[in-house]
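Pasting a structure here, questions to come.
The values are calculated or read from the model by the stated rules, or taken from the named source; none is laboratory data. Nothing here was measured: the structure is a model prediction, and the numbers come from that model. Methodologically, a virtual Cβ is constructed for each residue, glycine included, from the backbone with ideal geometry; neighbour enumeration extends over all protein chains shown. We work out accessible area using only protein heavy atoms, side chains counted, and drop any ligands, DNA or RNA first. Shrake-Rupley method; radii C 1.70, N 1.55, O 1.52, S 1.80 Å.
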Amino acid sequence: MLEDINDMLKRHEAKPIIRQRHFAVLIPLIEVDGETHLLYEVRSKKISQPGETSFPGGRVEAGETYKEAAIRETMEELTISKENVQILGEMDYIVNEQVVIRAFVGELQNIKVEDIQFNEEVEELYTVPLTYFLTHEPVYYSANVKLEHEKGFPFDLIPEGKKYNWKQGKHVVPFYTLNKHTLWGFTARFTDHFVKLLKEHKKWMIKNPEN
C-alpha cells in the first residue's frame, strides 16, 4: 500500500480540491494628453453584470496561459492587435472557493482612446488619471457572511449539533465614487492594490536611491 501511495503522489500534480473557474484580466495603462491613465470598460447589456465597470478580461480557455487569456480578451473586447498590448508584468491575484482571477498590467501602445472600436460586450470606455488614485483611496464597506444549512443537514453527526461554533465570515467591498461612474468589487480591489504596490515602490526608491 505504501508503494502505491508513494507512486500516486509522484504522479499527482497538486491542485485545489474545490473546482474553481479561472479568469484573467488586464489592467490597461494608456496615455491621455501626456498623462498615464487607467482604462475601464462599462459592460454592455449583452453580457453578465451589465452596466458595471470592469477591466478587459475573461475566462481562461483550454490550452492557454493566464497571460495569453488576458491579451486575447483585451484584443477581442477592444478590437485591437497584439502589437498594441505591451505586458509590463503580473500583479497579485484574487482567489476564493469559486474563482481564481489573475491580473496583468499592460500598456496600450500606438493607439488613442477615441480610436478604440470596442466590441458588443462593451457599452463604453472611460479613463481615470493614475494620479487620481494616488491621491484618493477607496471606501471599504463590510458585509457579514452567514452560513445557512440546507434542510436535513446532519447536525446529530457533529459535536454540539446545532450549537456548533461555525466560523462566520466578513466580505469587504471597496468603492470609488467617480464623476459619472462607480468603481467597486474586484475591479476596485485590483485598482487599489495596484496603486498600493506603486506607492510602496516609490517609498522603497526614496529609501534606496542607488538601486
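Does region 17-36 hold any residues that are assigned to a loop (DSSP other than H, G, I, E, B), in contact (Cβ under 8 Å) with a residue 60 or more places away in the chain and over 15 Å from the mean Cα position of the chain (by Cα), and which are they?
18, the sole residue that qualifies.
What's the total number of residues in region 130-169 that are exposed (fewer than 10 other Cβ atoms within 10 Å of the Cβ) and on the phi > 0 side of the Ramachandran plot?
Residues meeting the conditions: 2.
Run residue 95 past the list (1) open to solvent by 20 Å² or more (accessible area, probe 1.4 Å); (2) more than 22 Å from residue 192 (Cβ to Cβ); (3) in contact (Cβ under 8 Å) with a residue 60 or more places away in the chain and report the number of the one that doesn't hold.
Going through the list (1) open to solvent by 20 Å² or more (accessible area, probe 1.4 Å); (2) more than 22 Å from residue 192 (Cβ to Cβ); (3) in contact (Cβ under 8 Å) with a residue 60 or more places away in the chain, residue 95 breaks only (2).
Residues in region 43-62: is at least one in contact with a helix residue (DSSP H, G or I) (Cβ under 6 Å, 6 or more places away or on another chain), open to solvent by less than 30 Å² (accessible area, probe 1.4 Å), assigned to a strand (DSSP E or B) and hydroxyl-bearing (Ser, Thr, Tyr)?
Looking for residues that are in contact with a helix residue (DSSP H, G or I) (Cβ under 6 Å, 6 or more places away or on another chain), open to solvent by less than 30 Å² (accessible area, probe 1.4 Å), assigned to a strand (DSSP E or B) and hydroxyl-bearing (Ser, Thr, Tyr), one finds at least one in region 43-62, hence yes.
Given the conditions (1) at pLDDT 95 or above; (2) surrounded by 14 or more Cβ atoms within 10 Å (Cβ to Cβ), report the number of the one that residue 65 does not fulfil.
Among (1) at pLDDT 95 or above; (2) surrounded by 14 or more Cβ atoms within 10 Å (Cβ to Cβ), residue 65 violates only (2).
Quick one: residue 14 ticks every box in (1) more than 22 Å from residue 105 (Cβ to Cβ); (2) in contact with a helix residue (DSSP H, G or I) (Cβ under 7 Å, 6 or more places away or on another chain) except a single one, so which number is it?
The number of the failed condition is (2).
Given the criteria hydroxyl-bearing (Ser, Thr, Tyr) and either open to solvent by 100 Å² or more (accessible area, probe 1.4 Å) or in contact with a Lys or Arg (Cβ under 7 Å, 6 or more places away or on another chain) (or both), does residue 177 qualify?
Here the answer is yes, as residue 177 does meet what is asked.
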